[in-house]
1. What's the long-distance tail for chain A, i.e. % of Cα pairs beyond 27 Å?
2. Angle between the Cα long axis of helix B:104-119 and the longest principal axis of chain B, 0 to 90 degrees, nearest 10?
3. Measure off 7 Å from each Cα along the Cα-to-Cβ vector at A:Glu157 and A:Leu199, then give the distance between these two points in nanometres to one decimal.
4. If a paramagnetic tag sat 7 Å from the Cα of B:Leu132 along the Cα-Cβ line, which residues of the range B:47-87 would have the backbone N under 15 Å from that point?
5. Once you sort the root eigenvalues of the Cα gyration tensor of the range B:108-223 as a ≥ b ≥ c, which label holds: rounded (a/c under 1.5), prolate (a/b larger than b/c) or oblate (the other case)?
6. More than 25 angstrom separation, counting every C-alpha pair in the range A:47-154; what % is that?
7. If you count, for every residue in A:21-29, the Cβ atoms of partner chains within 10 Å of its Cβ, what is the mean?
8. Just grab the label-to-label distance for B:Lys222 and A:Tyr149, each label 7 Å out from Cα along the Cβ direction, in nm (one decimal).
Amino acid sequence: MSMRIPVRTLSSCVANLARAKKLSFGDLSKVQLREPIVPTHKNFDVSPDHPLWAFFPEGNKSESALRGSDEVELNSREWTFPELRRKSFEDLHRLWYLTLKERNILAREVRLAEALRYSRTQQHEALDEKLVTVQKRIKQVLLERQVAYERVQTFTEQQQAYLAEFEERYLNAGADEIVSYNEKLVRLQYALFGIQPQLQDYNLEEDINIKFVNGLSYVSNLKLKRYLDRNPNVAKTFELPLNGVVEELPFLLRGVDEAVEEVQALRESGENVKLDKIQVFPFLRSALANAIEQEQQEFQ
Amino acid sequence: MPMRLRAEKKMRKHLIEQLKARKVLGARIAEGKKTAEELRRLNLAPQVYLFKNLFSGQVLYSQVPAFHQDQIDQQFVRPNWENRKPSRRNDLWRVMCVATFDNYDYAVAAFRGLVQLRQARDVVQQKEAKALRRKNDEGNTWYAGQYRPTYSQEAVADLAHVIEEFELENTKLMWENAWRRGDDKHWSAELVQHETLPPFNPRDQNILLDELRAKAVEEFAKLRETEEHQEEASVIA
């Protein structure tokens, strides 16, 4: 241990002696100051899918930060009302955000031009106004839809009258018309009762409500009535009316013949319980979830 | 003038003294200059920390992972309207670079050299330093609000200057952002090695710096140990 200390100091002394350069600036007035080192972006790579590229018109292919007034698209026009009315909600939603993205690009360019004292941004602003118009129209179209939907909710008498008329027409439809009537029924149950045409489209929390239950009983009774009219021998043995949602649901999920057979099987096994009101929604949800799962398995 | 008892006056004086004594002026470890021996004794690494001011762009050098009002007073002599004495607010100072040197002598020399160059820029060669700065249309140092980017760029240039002038080999610079070190032509590749600091939350800056210090101390101890083994071997031989 005692050996080590002198050795270390000796070696550090030797190292210091060996240095040609002093570890201090002498006269400060003779020091040659260096120019400031300007930072550069060349020291790192920017990811090509960096989210901020969305603020440039051509994404990461953009060459300049600011388009000249001749480079801005001038021959475009706004979406018209008739065009927008034909679009689904998803399309309108997408369109809204595309418009917003484009407006953000323009706003960034105008802001940059302001900072650069570049005053010819009228074209940018003209284009932005068109985009604002599109956004206003999208809002207007959505408002129209909402108003129409809400007004339909108040037409209860008309709805009842229409349903009665439809029932009559459905029961009297010939064999050649019944396919188109069934299609019409699918549309009708969606429009009036919110019963989705496709199983996978169900939102089990929101779609299962009192309207759905009413629609289910209307549709199942309608189908059953027509079936019993056409098959009098079944009608002799089949007891009416249907006993609650447990017996009505098969008419929604399957064809009428199968549904009738299923209801009869249920009645024989004694499983056709009349549910309490509080049990109806949970039953429908679990039954539909099972049906959706089965359908998916078959699909796979 | 209301009547005051002598005891009241005494108490008032005492309280004012207490308040003055209690005023926080920064981390106590950063108080005063540190020699190589002191750095070793305090278990600090051979490092120099460069803090940048978010408000004005000025840079503060420190030998420890913290700063103190004394350092600000020492490094920002002769303030003027363009180069004000910065505030000690710890939310404004963010680490810009951590320079780890080969040994404690180098670290102390580098710190002293940086402070000397700051002195040269602010006092001795004020005009020359000003000539090197980018100007705006009015001939003043370029600024946006109170921010003058030239100060941090000068600090980077001074760091390169010190390392090259003193030939401080085996220096490791850890940058908060790689773009600050500028073009590679300013740095001699045989002396300096560049890295980036791990990404950190500004709230946890002290923790990050303390971890860096602990790591550097450990590495330095290891290095010293291997050197000693070699020396012993050479002595025996």
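Please treat every number below as a calculation from the coordinates, not as lab data. Model, not experiment: these values are computed from the prediction. Counting neighbours? That spans all protein chains shown, and the Cβs are built from the backbone with ideal geometry, glycine included.
1. When all Cα pairs of chain A are counted, 68 percent exceed 27 Å.
2. The two axes meet at around 50 degrees.
3. Here the modelled spin labels are 4.1 nm apart.
4. So the set is B:59.
5. Cα axes put the range B:108-223 in the prolate bin.
6. I get 34 percent for the Cα pairs in the range A:47-154 exceeding 25 Å.
7. Per-residue shielding by partner chains comes out at 6.
8. About 6.5 nm separates the two model spin labels.
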